[in-house]
Amino acid sequence: MRLSFNSTSSKLTFLNHASFVVETKNSILVSDPWLEGFAFNKGWSLLDQTTSNDALIEALAETNKKIFFWYSHEHSDHFAIPLLKKIKIHDIQIDVLFQDTLDRRVTNYLESNEIKVRILQDGQVFQIDQELSFLIHSWRSGDSLSYINVGDVGVLNINDCIVAKESEAQKIKKILDGHGYNVDFLFSQFGYANWEGNENDTILRKHSADEKLRRLSLQNTVFEPKIIVPFASFVYFSHPENFYLNDEQNCPSRLRSSQWMKECSYKTVFLKPYDQFELTDCDASRDLLLENSTEAEKHWNSLFHEIAPVPSNDTQFPLESIVSYWKKFLGSVTHQFLGLFQVLEAFRLIQPLTIRVTDLDVFVHFSYLWGIRSTSESGDYDLSMTSEVLAFSLKHEFGFDTTLVNGRFRVSRMGKNRKAMKFLGVQNLLKNGFGYRRPISTFCELLRLSKREED
(Lines give C-alpha, C1' and ligand atoms only; values in the text may rest on other atoms or scores of the structure.)
Protein backbone atom coordinates (compact mmCIF):
# COMPACT_ATOMS: atom_id res chain seq x y z
CA MET A 1 0.00 0.00 0.00
CA ARG A 2 1.30 3.45 -0.94
CA LEU A 3 1.21 6.02 1.84
CA SER A 4 -0.85 9.12 1.07
CA PHE A 5 -2.15 12.08 3.10
CA ASN A 6 -4.87 13.62 0.96
CA SER A 7 -7.99 12.50 2.77
CA THR A 8 -10.83 14.94 3.33
CA SER A 9 -11.99 12.99 6.39
CA SER A 10 -10.33 12.49 9.76
CA LYS A 11 -8.43 9.22 10.06
CA LEU A 12 -5.59 7.48 11.87
CA THR A 13 -2.91 5.57 9.97
CA PHE A 14 -0.54 3.26 11.82
CA LEU A 15 3.06 3.43 10.60
CA ASN A 16 5.26 1.13 12.70
CA HIS A 17 6.27 0.34 16.27
CA ALA A 18 5.22 3.46 18.25
CA SER A 19 4.29 5.66 15.33
CA PHE A 20 1.00 6.66 13.78
CA VAL A 21 -0.43 9.61 11.87
CA VAL A 22 -3.64 11.48 12.66
CA GLU A 23 -4.94 13.29 9.61
CA THR A 24 -7.72 15.83 9.26
CA LYS A 25 -8.87 17.89 6.30
CA ASN A 26 -6.25 20.55 6.97
CA SER A 27 -3.52 19.01 9.15
CA ILE A 28 -1.26 16.02 9.73
CA LEU A 29 0.10 14.97 13.14
CA VAL A 30 2.89 12.38 13.12
CA SER A 31 3.77 10.68 16.43
CA ASP A 32 7.21 9.20 17.20
CA PRO A 33 8.27 8.10 13.69
CA TRP A 34 11.02 5.45 13.74
CA LEU A 35 10.64 3.58 10.46
CA GLU A 36 13.98 2.00 9.61
CA GLY A 37 17.46 1.13 10.88
CA PHE A 38 18.72 0.23 14.34
CA ALA A 39 17.97 1.81 17.70
CA PHE A 40 19.90 1.84 20.98
CA ASN A 41 23.46 1.33 19.76
CA LYS A 42 22.68 -1.49 17.32
CA GLY A 43 20.62 -3.26 19.98
CA TRP A 44 17.08 -3.12 18.55
CA SER A 45 15.55 -3.77 15.14
CA LEU A 46 12.01 -3.36 13.87
CA LEU A 47 10.00 -6.55 13.45
CA ASP A 48 8.48 -5.18 10.25
CA GLN A 49 11.11 -3.64 8.00
CA THR A 50 8.87 -2.71 5.08
CA THR A 51 8.44 0.91 6.22
CA SER A 52 10.95 3.61 5.32
CA ASN A 53 11.81 7.25 5.81
CA ASP A 54 11.57 7.78 2.06
CA ALA A 55 7.97 6.54 1.91
CA LEU A 56 6.88 8.94 4.67
CA ILE A 57 8.79 11.85 3.15
CA GLU A 58 7.27 11.22 -0.27
CA ALA A 59 3.76 11.28 1.23
CA LEU A 60 4.49 14.45 3.22
CA ALA A 61 5.98 16.18 0.19
CA GLU A 62 2.82 15.58 -1.83
CA THR A 63 0.40 17.15 0.64
CA ASN A 64 -0.37 20.80 1.15
CA LYS A 65 -1.60 20.24 4.69
CA LYS A 66 0.10 21.72 7.73
CA ILE A 67 2.49 19.10 9.20
CA PHE A 68 3.15 18.55 12.90
CA PHE A 69 5.45 16.02 14.58
CA TRP A 70 5.20 15.00 18.22
CA TYR A 71 8.05 13.26 20.02
CA SER A 72 7.23 11.65 23.36
CA HIS A 73 10.88 11.47 24.46
CA GLU A 74 14.46 11.33 23.29
CA HIS A 75 14.95 7.55 22.93
CA SER A 76 16.09 6.58 19.46
CA ASP A 77 13.09 4.33 18.78
CA HIS A 78 10.95 7.50 19.03
CA PHE A 79 13.22 10.43 18.22
CA ALA A 80 14.82 9.15 15.00
CA ILE A 81 17.36 11.71 13.82
CA PRO A 82 18.02 10.15 10.36
CA LEU A 83 14.42 10.93 9.38
CA LEU A 84 14.75 14.54 10.53
CA LYS A 85 17.92 14.96 8.48
CA LYS A 86 16.13 13.73 5.37
CA ILE A 87 13.20 16.04 6.03
CA LYS A 88 15.63 18.97 6.07
CA ILE A 89 17.24 17.84 2.82
CA HIS A 90 13.82 17.72 1.13
CA ASP A 91 12.90 21.11 2.63
CA ILE A 92 9.65 19.84 4.14
CA GLN A 93 8.31 22.32 6.66
CA ILE A 94 7.22 20.78 9.96
CA ASP A 95 6.33 22.07 13.41
CA VAL A 96 7.55 19.87 16.26
CA LEU A 97 5.46 19.67 19.44
CA PHE A 98 7.50 18.86 22.53
CA GLN A 99 7.27 19.02 26.29
CA ASP A 100 9.02 21.66 28.38
CA THR A 101 12.21 20.18 29.87
CA LEU A 102 15.03 21.46 32.07
CA ASP A 103 17.78 20.41 29.71
CA ARG A 104 16.17 21.55 26.40
CA ARG A 105 18.38 19.03 24.61
CA VAL A 106 15.79 18.05 22.02
CA THR A 107 14.55 21.62 21.61
CA ASN A 108 18.07 22.98 21.16
CA TYR A 109 18.93 20.30 18.61
CA LEU A 110 15.83 21.04 16.55
CA GLU A 111 16.25 24.80 16.69
CA SER A 112 19.92 24.53 15.74
CA ASN A 113 18.76 22.68 12.62
CA GLU A 114 16.17 25.38 11.89
CA ILE A 115 13.19 23.17 12.70
CA LYS A 116 10.34 25.04 14.35
CA VAL A 117 9.49 23.84 17.86
CA ARG A 118 6.38 24.60 19.89
CA ILE A 119 7.06 23.91 23.57
CA LEU A 120 3.86 22.82 25.32
CA GLN A 121 3.25 22.98 29.04
CA ASP A 122 1.63 20.09 30.90
CA GLY A 123 -2.12 20.14 30.45
CA GLN A 124 -2.01 22.88 27.83
CA VAL A 125 -4.46 22.27 24.99
CA PHE A 126 -2.90 23.15 21.64
CA GLN A 127 -5.44 23.71 18.86
CA ILE A 128 -3.88 22.38 15.67
CA ASP A 129 -6.92 23.13 13.53
CA GLN A 130 -10.68 23.45 13.91
CA GLU A 131 -11.09 19.69 14.25
CA LEU A 132 -7.86 18.62 15.92
CA SER A 133 -6.53 19.51 19.37
CA PHE A 134 -3.55 18.12 21.26
CA LEU A 135 -2.49 17.87 24.91
CA ILE A 136 0.66 16.50 26.50
CA HIS A 137 1.69 15.57 30.02
CA SER A 138 5.30 14.98 31.00
CA TRP A 139 6.18 11.81 32.89
CA ARG A 140 9.20 10.46 34.69
CA SER A 141 12.71 10.21 33.23
CA GLY A 142 12.03 12.61 30.38
CA ASP A 143 9.06 10.70 28.97
CA SER A 144 5.64 12.11 28.11
CA LEU A 145 2.17 11.01 27.03
CA SER A 146 -0.37 12.72 24.80
CA TYR A 147 -4.09 13.06 24.19
CA ILE A 148 -5.43 13.76 20.71
CA ASN A 149 -8.98 15.02 20.30
CA VAL A 150 -10.63 14.86 16.87
CA GLY A 151 -14.18 16.16 17.06
CA ASP A 152 -15.79 13.98 19.71
CA VAL A 153 -13.22 11.16 19.45
CA GLY A 154 -10.32 10.94 21.92
CA VAL A 155 -7.02 9.06 21.51
CA LEU A 156 -4.86 8.60 24.62
CA ASN A 157 -1.28 7.69 23.73
CA ILE A 158 0.49 6.46 26.87
CA ASN A 159 3.33 5.05 24.80
CA ASP A 160 6.28 4.01 27.02
CA CYS A 161 5.17 5.89 30.14
CA ILE A 162 5.15 3.57 33.13
CA VAL A 163 1.58 3.88 34.34
CA ALA A 164 1.52 0.82 36.58
CA LYS A 165 -0.40 2.03 39.64
CA GLU A 166 -4.02 3.03 39.91
CA SER A 167 -3.02 6.34 41.52
CA GLU A 168 -0.86 7.13 38.47
CA ALA A 169 -3.67 6.32 36.04
CA GLN A 170 -6.15 8.32 38.10
CA LYS A 171 -3.81 11.33 37.94
CA ILE A 172 -4.00 11.22 34.14
CA LYS A 173 -7.75 10.64 34.17
CA LYS A 174 -8.25 13.68 36.40
CA ILE A 175 -6.43 15.85 33.86
CA LEU A 176 -8.59 14.54 31.01
CA ASP A 177 -11.78 14.88 33.04
CA GLY A 178 -10.88 18.49 33.72
CA HIS A 179 -11.12 19.16 29.98
CA GLY A 180 -14.22 17.00 29.52
CA TYR A 181 -12.20 14.48 27.47
CA ASN A 182 -13.17 10.83 27.04
CA VAL A 183 -10.86 7.98 25.99
CA ASP A 184 -12.14 6.18 22.91
CA PHE A 185 -8.81 4.70 21.83
CA LEU A 186 -6.01 3.75 24.22
CA PHE A 187 -2.55 3.20 22.70
CA SER A 188 -0.07 1.64 25.13
CA GLN A 189 3.14 -0.40 25.25
CA PHE A 190 2.69 -4.15 25.83
CA GLY A 191 6.17 -5.71 25.88
CA TYR A 192 9.30 -5.36 28.02
CA ALA A 193 11.84 -2.95 26.58
CA ASN A 194 15.10 -3.29 28.48
CA TRP A 195 17.59 -5.78 29.90
CA GLU A 196 15.87 -8.50 31.90
CA GLY A 197 18.55 -10.78 33.31
CA ASN A 198 21.21 -13.11 31.95
CA GLU A 199 20.50 -16.08 29.69
CA ASN A 200 19.22 -18.35 32.46
CA ASP A 201 16.93 -15.72 34.05
CA THR A 202 13.86 -16.74 32.04
CA ILE A 203 11.57 -16.43 35.08
CA LEU A 204 12.54 -12.78 35.44
CA ARG A 205 11.65 -12.10 31.80
CA LYS A 206 8.37 -13.98 32.07
CA HIS A 207 7.46 -11.94 35.14
CA SER A 208 8.30 -8.71 33.31
CA ALA A 209 6.22 -9.74 30.29
CA ASP A 210 3.26 -10.54 32.55
CA GLU A 211 3.66 -7.23 34.38
CA LYS A 212 3.30 -5.28 31.12
CA LEU A 213 -0.04 -6.99 30.46
CA ARG A 214 -1.18 -6.45 34.05
CA ARG A 215 -0.35 -2.78 33.53
CA LEU A 216 -2.45 -2.70 30.36
CA SER A 217 -5.36 -4.29 32.22
CA LEU A 218 -5.15 -1.66 34.95
CA GLN A 219 -5.16 1.13 32.38
CA ASN A 220 -8.28 -0.37 30.85
CA THR A 221 -10.02 -0.39 34.23
CA VAL A 222 -9.28 3.28 34.93
CA PHE A 223 -9.63 4.85 31.47
CA GLU A 224 -12.45 2.60 30.19
CA PRO A 225 -11.53 2.98 26.51
CA LYS A 226 -13.77 1.67 23.76
CA ILE A 227 -10.74 0.21 21.98
CA ILE A 228 -7.29 -0.82 23.24
CA VAL A 229 -4.45 -0.78 20.72
CA PRO A 230 -1.27 -2.46 22.04
CA PHE A 231 1.77 -0.98 20.26
CA ALA A 232 5.27 0.46 20.87
CA SER A 233 6.59 -3.10 21.22
CA PHE A 234 7.01 -4.23 17.62
CA VAL A 235 10.77 -4.63 17.94
CA TYR A 236 13.23 -7.30 18.93
CA PHE A 237 16.65 -7.50 20.57
CA SER A 238 18.66 -8.05 17.41
CA HIS A 239 22.36 -8.01 18.36
CA PRO A 240 24.06 -11.39 18.91
CA GLU A 241 24.87 -10.20 22.46
CA ASN A 242 21.25 -9.60 23.45
CA PHE A 243 19.18 -11.86 21.20
CA TYR A 244 18.42 -14.27 24.05
CA LEU A 245 16.26 -11.55 25.66
CA ASN A 246 13.48 -12.28 23.14
CA ASP A 247 12.63 -15.67 24.65
CA GLU A 248 9.75 -14.48 26.89
CA GLN A 249 8.70 -11.37 24.96
CA ASN A 250 5.02 -10.63 24.49
CA CYS A 251 3.49 -10.99 21.04
CA PRO A 252 -0.20 -10.86 20.03
CA SER A 253 -0.79 -14.58 20.61
CA ARG A 254 0.72 -14.38 24.07
CA LEU A 255 -1.39 -11.35 24.91
CA ARG A 256 -4.54 -13.17 23.79
CA SER A 257 -3.81 -16.07 26.13
CA SER A 258 -2.98 -13.90 29.15
CA GLN A 259 -5.24 -13.98 32.20
CA TRP A 260 -4.75 -10.21 32.56
CA MET A 261 -6.34 -9.47 29.20
CA LYS A 262 -9.36 -11.79 29.38
CA GLU A 263 -11.81 -9.11 30.50
CA CYS A 264 -10.80 -6.67 27.77
CA SER A 265 -9.78 -9.05 24.98
CA TYR A 266 -13.03 -8.33 23.14
CA LYS A 267 -12.02 -4.69 22.60
CA THR A 268 -8.27 -5.18 22.04
CA VAL A 269 -7.08 -4.83 18.46
CA PHE A 270 -3.75 -4.84 16.65
CA LEU A 271 -2.65 -2.75 13.69
CA LYS A 272 0.00 -3.52 11.09
CA PRO A 273 1.86 -0.90 9.00
CA TYR A 274 -0.45 1.36 6.97
CA ASP A 275 -3.65 0.03 8.53
CA GLN A 276 -6.01 2.97 8.96
CA PHE A 277 -9.45 3.82 10.27
CA GLU A 278 -11.82 6.76 10.40
CA LEU A 279 -11.91 8.92 13.52
CA THR A 280 -15.37 10.35 12.91
CA ASP A 281 -17.48 7.34 13.90
CA CYS A 282 -15.89 5.43 16.78
CA ASP A 283 -18.43 2.60 16.83
CA ALA A 284 -18.13 1.92 13.10
CA SER A 285 -14.32 2.03 13.32
CA ARG A 286 -14.37 -0.40 16.24
CA ASP A 287 -16.27 -3.00 14.23
CA LEU A 288 -13.84 -2.67 11.32
CA LEU A 289 -10.79 -2.85 13.59
CA LEU A 290 -12.02 -5.96 15.35
CA GLU A 291 -12.63 -7.56 11.97
CA ASN A 292 -9.15 -6.70 10.65
CA SER A 293 -7.22 -7.43 13.85
CA THR A 294 -6.88 -11.14 13.11
CA GLU A 295 -4.83 -10.43 10.00
CA ALA A 296 -2.62 -7.96 11.87
CA GLU A 297 -2.03 -10.46 14.68
CA LYS A 298 -1.00 -13.15 12.20
CA HIS A 299 1.37 -10.64 10.65
CA TRP A 300 3.16 -9.81 13.91
CA ASN A 301 3.14 -13.39 15.25
CA SER A 302 4.73 -14.62 12.04
CA LEU A 303 7.42 -11.93 12.07
CA PHE A 304 8.25 -12.58 15.70
CA HIS A 305 8.79 -16.28 15.07
CA GLU A 306 11.11 -15.52 12.13
CA ILE A 307 13.55 -13.23 13.98
CA ALA A 308 17.29 -13.90 13.91
CA PRO A 309 20.35 -12.06 15.22
CA VAL A 310 21.76 -9.41 12.92
CA PRO A 311 25.50 -9.87 12.34
CA SER A 312 27.37 -6.89 13.72
CA ASN A 313 30.78 -5.53 12.83
CA ASP A 314 31.68 -4.23 16.28
CA THR A 315 34.69 -2.04 17.05
CA GLN A 316 37.25 -2.79 19.73
CA PHE A 317 38.21 0.28 21.76
CA PRO A 318 41.63 0.46 23.44
CA LEU A 319 41.84 0.88 27.20
CA GLU A 320 43.29 4.36 26.68
CA SER A 321 40.01 5.51 25.09
CA ILE A 322 37.97 4.14 27.98
CA VAL A 323 40.22 5.94 30.47
CA SER A 324 39.81 9.17 28.51
CA TYR A 325 36.02 8.89 28.38
CA TRP A 326 35.84 8.15 32.11
CA LYS A 327 37.99 11.15 33.07
CA LYS A 328 35.80 13.45 31.00
CA PHE A 329 32.66 11.94 32.54
CA LEU A 330 34.09 12.23 36.06
CA GLY A 331 34.98 15.86 35.45
CA SER A 332 31.40 16.66 34.37
CA VAL A 333 29.89 14.91 37.40
CA THR A 334 32.28 16.60 39.82
CA HIS A 335 31.62 20.03 38.30
CA GLN A 336 27.84 19.81 38.00
CA PHE A 337 27.27 18.23 41.43
CA LEU A 338 30.10 19.94 43.33
CA GLY A 339 31.66 16.68 44.50
CA LEU A 340 28.38 15.22 45.81
CA PHE A 341 29.03 11.77 44.35
CA GLN A 342 32.44 11.60 45.97
CA VAL A 343 30.69 12.27 49.29
CA LEU A 344 28.04 9.62 48.57
CA GLU A 345 30.75 7.09 47.83
CA ALA A 346 32.73 8.06 50.95
CA PHE A 347 29.63 7.33 53.04
CA ARG A 348 29.05 4.09 51.09
CA LEU A 349 25.70 5.28 49.75
CA ILE A 350 27.06 4.31 46.35
CA GLN A 351 29.86 1.83 45.75
CA PRO A 352 32.72 1.68 43.23
CA LEU A 353 31.98 -0.32 40.08
CA THR A 354 34.03 -3.09 38.47
CA ILE A 355 33.41 -3.99 34.83
CA ARG A 356 34.89 -6.99 33.05
CA VAL A 357 35.75 -5.93 29.48
CA THR A 358 35.39 -9.18 27.59
CA ASP A 359 37.24 -8.42 24.35
CA LEU A 360 40.18 -6.74 26.13
CA ASP A 361 40.33 -9.41 28.83
CA VAL A 362 40.75 -6.82 31.61
CA PHE A 363 38.84 -5.74 34.70
CA VAL A 364 38.30 -1.99 35.01
CA HIS A 365 37.57 -0.46 38.41
CA PHE A 366 35.70 2.88 38.55
CA SER A 367 35.51 5.12 41.62
CA TYR A 368 34.39 8.72 42.14
CA LEU A 369 36.97 8.95 44.93
CA TRP A 370 39.92 7.08 43.47
CA GLY A 371 39.38 7.38 39.72
CA ILE A 372 40.03 4.47 37.37
CA ARG A 373 42.40 1.52 37.36
CA SER A 374 42.59 -1.74 35.44
CA THR A 375 43.94 -5.21 36.07
CA SER A 376 44.23 -8.43 34.11
CA GLU A 377 43.80 -10.51 37.25
CA SER A 378 40.42 -12.19 37.46
CA GLY A 379 38.26 -11.47 40.46
CA ASP A 380 34.87 -10.23 41.54
CA TYR A 381 33.13 -7.88 39.12
CA ASP A 382 29.72 -6.31 38.68
CA LEU A 383 29.05 -6.17 34.93
CA SER A 384 30.67 -7.63 31.84
CA MET A 385 30.51 -6.09 28.36
CA THR A 386 32.64 -5.41 25.30
CA SER A 387 34.89 -2.38 25.02
CA GLU A 388 32.54 -0.92 22.39
CA VAL A 389 29.58 -1.01 24.78
CA LEU A 390 31.64 0.37 27.68
CA ALA A 391 33.05 3.18 25.56
CA PHE A 392 29.54 4.08 24.35
CA SER A 393 28.22 3.97 27.93
CA LEU A 394 30.83 6.47 29.14
CA LYS A 395 31.17 8.71 26.10
CA HIS A 396 27.52 9.80 25.80
CA GLU A 397 25.26 11.36 28.43
CA PHE A 398 22.61 8.83 27.40
CA GLY A 399 25.18 6.03 27.14
CA PHE A 400 24.47 3.83 30.14
CA ASP A 401 20.72 4.35 29.82
CA THR A 402 21.03 3.05 26.25
CA THR A 403 22.98 0.02 27.49
CA LEU A 404 20.33 -0.76 30.10
CA VAL A 405 17.73 -0.71 27.35
CA ASN A 406 19.62 -2.69 24.71
CA GLY A 407 20.81 -5.34 27.16
CA ARG A 408 24.26 -5.78 25.66
CA PHE A 409 25.84 -6.72 28.99
CA ARG A 410 25.73 -9.37 31.72
CA VAL A 411 25.82 -9.24 35.51
CA SER A 412 27.99 -11.43 37.70
CA ARG A 413 24.93 -12.06 39.84
CA MET A 414 21.47 -10.57 40.23
CA GLY A 415 21.34 -7.20 41.92
CA LYS A 416 24.59 -5.98 40.40
CA ASN A 417 22.61 -4.09 37.75
CA ARG A 418 21.00 -1.99 40.49
CA LYS A 419 24.43 -1.22 41.92
CA ALA A 420 25.54 -0.04 38.48
CA MET A 421 22.38 2.05 38.05
CA LYS A 422 23.10 3.84 41.33
CA PHE A 423 26.71 4.45 40.31
CA LEU A 424 26.16 5.56 36.70
CA GLY A 425 22.59 6.83 37.07
CA VAL A 426 24.03 10.31 37.42
CA GLN A 427 24.18 10.32 33.62
CA ASN A 428 20.41 10.74 33.48
CA LEU A 429 20.64 13.61 35.96
CA LEU A 430 23.23 15.31 33.75
CA LYS A 431 21.23 14.63 30.60
CA ASN A 432 18.02 16.01 32.07
CA GLY A 433 19.59 19.27 33.20
CA PHE A 434 20.03 18.69 36.95
CA GLY A 435 23.00 20.02 38.88
CA TYR A 436 24.16 22.88 41.09
CA ARG A 437 22.41 25.49 38.93
CA ARG A 438 19.04 23.98 39.87
CA PRO A 439 19.49 22.99 43.53
CA ILE A 440 15.83 22.63 44.49
CA SER A 441 14.75 20.53 41.51
CA THR A 442 17.94 18.46 41.81
CA PHE A 443 17.30 17.78 45.49
CA CYS A 444 13.70 16.75 44.73
CA GLU A 445 14.84 14.41 41.96
CA LEU A 446 17.50 12.80 44.18
CA LEU A 447 14.86 12.34 46.88
CA ARG A 448 12.50 10.70 44.37
CA LEU A 449 15.22 8.35 43.19
CA SER A 450 16.13 7.38 46.76
CA LYS A 451 12.49 6.57 47.52
CA ARG A 452 12.26 4.48 44.35
CA GLU A 453 15.35 2.57 45.49
CA GLU A 454 13.67 1.85 48.83
CA ASP A 455 10.56 0.56 47.04
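Has the range 277-295 got at least one residue that is within 24 Å of the chain's Cα centre (by Cα) and either at pLDDT below 95 or within 19 Å of ILE227 (Cβ to Cβ) (or both)? No.
Residues are listed down the side, and each one gets a yes or a no for (1) under 26 Å from THR442 (Cα atoms); (2) among the hydrophobic types (A, V, I, L, M, F, W, C); (3) under 21 Å from the mean Cα position of the chain (by Cα):
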{"site": "LYS88", "(1), (2), (3)": "no, no, no"}
{"site": "ASP91", "(1), (2), (3)": "no, no, no"}
{"site": "ILE94", "(1), (2), (3)": "no, yes, no"}
{"site": "PHE98", "(1), (2), (3)": "yes, yes, yes"}
{"site": "LEU110", "(1), (2), (3)": "yes, yes, yes"}
{"site": "GLU114", "(1), (2), (3)": "no, no, no"}
{"site": "ASP122", "(1), (2), (3)": "yes, no, yes"}
{"site": "ARG140", "(1), (2), (3)": "yes, no, yes"}
{"site": "ASP143", "(1), (2), (3)": "yes, no, yes"}
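Scanning the range 193-223 for residues that are under 13 Å from GLU166 (Cβ atoms) and touching a Cys at 6+ places or on another chain (Cβ under 9 Å) yields SER217, ASN220, THR221. Of the helices (runs of 4 or more DSSP H) entirely within the range 158-261, those holding at least 1 residues that are open to solvent by less than 10 Å² (accessible area, probe 1.4 Å), under 30 Å from PHE38 (Cβ atoms) and touching a residue at least 40 places away in the same chain (Cβ under 8 Å) occupy 202-223, 252-256. Among the conditions (1) more than 28 Å from GLU241 (Cβ to Cβ); (2) outside any helix (DSSP H, G or I); (3) over 27 Å from the mean Cα position of the chain (by Cα), the only one that GLN316 does not satisfy is (1). With respect to the stated conditions, ARG408 fails to be open to solvent by 40 Å² or more (accessible area, probe 1.4 Å) and either closer than 29 Å to HIS75 by Cα or out of contact with any Phe, Trp or Tyr (no Cβ under 6 Å at 6 or more places or on another chain) (or both).
In the range 323-385, counting only strands (runs of 3 or more DSSP E) that sit wholly within it, the ones holding 1 or more residues that are in contact with a Ser or Thr (Cβ under 6 Å, 6 or more places away or on another chain) and among the β-branched types (Val, Ile, Thr) span 353-357, 362-367. Looking at this structure, is GLU345 touching a Phe, Trp or Tyr at 6+ places or on another chain (Cβ under 6 Å), open to solvent by less than 50 Å² (accessible area, probe 1.4 Å), charged (D, E, K, R) and more than 30 Å from VAL153 (Cα to Cα)? So GLU345 fits the description; yes. Exactly one residue out of GLU377, GLU397, GLU345, GLU388 is among the charged types (D, E, K, R), modelled with pLDDT of 95 or more and either over 22 Å from PHE237 (Cβ atoms) or more than 31 Å from the chain's Cα centre (by Cα) (or both): that is GLU345.
With the condition kept exactly as written, say whether any residue in the range 92-107 is without any contact (Cβ under 8 Å) to a residue 24 or more places away in the chain, open to solvent by 10 Å² or more (accessible area, probe 1.4 Å) and outside any strand (DSSP E or B). No, there is no match, as no residue in the range 92-107 is without any contact (Cβ under 8 Å) to a residue 24 or more places away in the chain, open to solvent by 10 Å² or more (accessible area, probe 1.4 Å) and outside any strand (DSSP E or B). The set of residues in the range 249-279 that are within 25 Å of THR50 (Cα to Cα) and out of contact with any strand residue (DSSP E or B) (no Cβ under 9 Å at 6 or more places or on another chain) comprises CYS251, SER253, ARG254.
What residue, among those in the range 419-450 that are touching an Asp or Glu at 6+ places or on another chain (Cβ under 9 Å) and farther than 24 Å from SER144 by Cα, is surrounded by the most Cβ atoms within 10 Å (Cβ to Cβ)? Per the criteria, the residue is ALA420.
The values are calculated or read from the model by the stated rules, or taken from the named source; none is laboratory data. Here the structure is a predicted model, which is why all the values come from computation and not from measurement. We place every Cβ from the backbone using ideal geometry, glycine too, and count neighbours over all the protein chains shown. Each accessible area value is taken on the protein alone, full model and side chains, heavy atoms only, with ligands, DNA and RNA left out. Shrake-Rupley method; radii C 1.70, N 1.55, O 1.52, S 1.80 Å.
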